[in-house]
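> There's a structure below that I have some questions on.
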(Lines give C-alpha, C1' and ligand atoms only; values in the text may rest on other atoms or scores of the structure.)
Protein backbone atom coordinates (compact mmCIF):
# COMPACT_ATOMS: atom_id res chain seq x y z
CA UNK A 1 0.00 0.00 0.00
CA UNK A 2 1.50 3.39 -0.98
CA UNK A 3 2.37 5.71 1.86
CA UNK A 4 0.13 8.77 2.11
CA UNK A 5 1.97 12.05 1.62
CA UNK A 6 1.65 14.22 4.71
CA UNK A 7 0.17 17.61 3.94
CA UNK A 8 1.87 20.69 5.32
CA UNK A 9 -0.60 23.20 6.74
CA UNK A 10 0.42 26.82 7.09
CA UNK A 11 -1.76 29.52 8.57
CA UNK A 12 -0.81 32.92 7.22
CA UNK A 13 0.38 35.30 9.91
CA UNK A 14 -2.48 37.48 11.12
CA UNK A 15 -5.21 35.33 9.57
CA UNK A 16 -7.25 35.40 12.78
CA UNK A 17 -6.50 38.95 13.95
CA UNK A 18 -9.81 40.37 12.81
CA UNK A 19 -11.77 37.60 14.51
CA UNK A 20 -9.95 38.25 17.77
CA UNK A 21 -10.24 42.04 17.53
CA UNK A 22 -13.98 41.96 16.94
CA UNK A 23 -14.43 39.67 19.96
CA UNK A 24 -16.04 37.11 17.68
CA UNK A 25 -13.76 34.34 18.93
CA UNK A 26 -11.37 33.77 21.79
CA UNK A 27 -7.82 32.47 21.35
CA UNK A 28 -9.10 29.11 22.58
CA UNK A 29 -11.73 29.17 19.81
CA UNK A 30 -9.05 29.99 17.22
CA UNK A 31 -6.84 27.15 18.49
CA UNK A 32 -9.79 24.73 18.28
CA UNK A 33 -10.58 25.95 14.75
CA UNK A 34 -6.98 25.37 13.69
CA UNK A 35 -6.98 21.87 15.19
CA UNK A 36 -10.25 21.14 13.38
CA UNK A 37 -8.85 22.29 10.04
CA UNK A 38 -5.71 20.19 10.55
CA UNK A 39 -7.87 17.17 11.39
CA UNK A 40 -9.98 17.62 8.24
CA UNK A 41 -6.82 17.79 6.13
CA UNK A 42 -5.20 14.80 7.86
CA UNK A 43 -8.26 12.60 7.31
CA UNK A 44 -8.82 13.85 3.75
CA UNK A 45 -12.36 14.89 4.63
CA UNK A 46 -11.65 18.49 3.62
CA UNK A 47 -11.05 17.33 0.04
CA UNK A 48 -14.04 14.97 -0.06
CA UNK A 49 -16.40 17.81 0.84
CA UNK A 50 -14.73 20.44 -1.36
CA UNK A 51 -16.46 22.08 -4.32
CA UNK A 52 -14.47 21.81 -7.56
CA UNK A 53 -13.46 25.24 -8.86
CA UNK A 54 -15.17 24.43 -12.16
CA UNK A 55 -18.52 24.31 -10.31
CA UNK A 56 -18.11 27.88 -9.04
CA UNK A 57 -19.35 30.97 -10.84
CA UNK A 58 -16.94 32.88 -13.08
CA UNK A 59 -16.80 35.66 -10.47
CA UNK A 60 -15.84 33.24 -7.69
CA UNK A 61 -13.22 31.59 -9.90
CA UNK A 62 -11.70 34.98 -10.73
CA UNK A 63 -11.63 35.97 -7.05
CA UNK A 64 -9.73 32.77 -6.20
CA UNK A 65 -7.23 33.36 -9.04
CA UNK A 66 -6.61 36.89 -7.77
CA UNK A 67 -6.05 35.64 -4.22
CA UNK A 68 -3.40 33.21 -5.48
CA UNK A 69 -1.74 35.89 -7.59
CA UNK A 70 -1.51 38.24 -4.59
CA UNK A 71 -0.04 35.44 -2.48
CA UNK A 72 2.55 34.59 -5.14
CA UNK A 73 3.68 38.20 -5.33
CA UNK A 74 4.18 38.32 -1.56
CA UNK A 75 6.13 35.06 -1.35
CA UNK A 76 8.54 35.46 -4.26
CA UNK A 77 12.10 36.39 -3.31
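> Please count how many residues of the stretch 46-59 are surrounded by 10 or more Cβ atoms within 10 Å (Cβ to Cβ) and part of a helix (DSSP H, G or I).
So the count comes out to 3.
> Scan the stretch 60-75 and tell me whether some residue there is assigned to a loop (DSSP other than H, G, I, E, B) and either surrounded by 10 or more Cβ atoms within 10 Å (Cβ to Cβ) or modelled with pLDDT of 95 or more (or both).
Among the residues of the stretch 60-75, not one is assigned to a loop (DSSP other than H, G, I, E, B) and either surrounded by 10 or more Cβ atoms within 10 Å (Cβ to Cβ) or modelled with pLDDT of 95 or more (or both), which makes the answer no.
> Tally up the residues in the stretch 1-45 that are within 18 Å of residue 71 (Cβ to Cβ) and assigned to a loop (DSSP other than H, G, I, E, B), please.
Qualifying residue count for the region: 10.
The values are calculated or read from the model by the stated rules, or taken from the named source; none is laboratory data. None of the values given here were measured: they were computed from a predicted structure. Please note: Cβ atoms are built from the backbone with ideal geometry, for glycine as well, and neighbour counts cover all protein chains shown.
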